[in-house]
Amino acid sequence: GVLREEADVRPAAGALALHARYHRREVLTALGRWNADAKPDSREGVVRLEAEQTELLFVTLDKGEKRFSPTTSYHDYALSASRFHWQTQSLVSPESPSGRRYVEQGTNGWTFLLFVRETVDDVFTYLGPVDFAGATGSRPMSITWDLRAPIPGRWLTGYMRLAS
């Protein structure tokens, strides 16, 4: 076989195709988190894979549905093809373990993978790994991520339109 050197590619990211569309369960299966023995409940928007130092960010843009309470109606949207605005869970501050993990991404070895869908009836589009670009606020924090690969035009308009 062909030997490939993958210095900075985590197993988690390599199991998924960039810009492919997945159900949450398919993502968790690809990453070894969902199988015949383990079917973890994961309704929350963040799934942390401690051993891999990888965090999955599942974002639903349209929060108009009844299932989103005022405390879970985060403001998530594309700022451009290469930038995304995301709000953390409501209790995250810059001093909290989660907040520090995001802010210190450049030095702590963590990878963040972004999955976005417009409504709860849609599947998630895997937008790939993102890099911390900045943050404001606390409880929740508003984080700007730089995408390593731009959002394809066929989704960009919808992902930006839902910013209001």
Can you work out which of the residues in region 130-155 that are surrounded by 21 or more Cβ atoms within 10 Å (Cβ to Cβ) and closer than 19 Å to Leu16 by Cβ is nearest to the chain's Cα centre (by Cα)? Val130
Any idea which of Glu95, Glu44 is modelled with pLDDT under 90 and part of a loop (DSSP other than H, G, I, E, B)? Glu44
Residue list for region 91-117, restricted to those being surrounded by 14 or more Cβ atoms within 10 Å (Cβ to Cβ) and of a type in the set (S, T, N, Q): Ser93, Ser96, Ser98, Gln105, Thr111
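The values are calculated or read from the model by the stated rules, or taken from the named source; none is laboratory data. Bear in mind that the values here come from a model prediction, so they are computed numbers and not experimental data. All Cβ positions, even for glycine, are placed from backbone atoms using ideal geometry, and neighbour counts span all protein chains on display.
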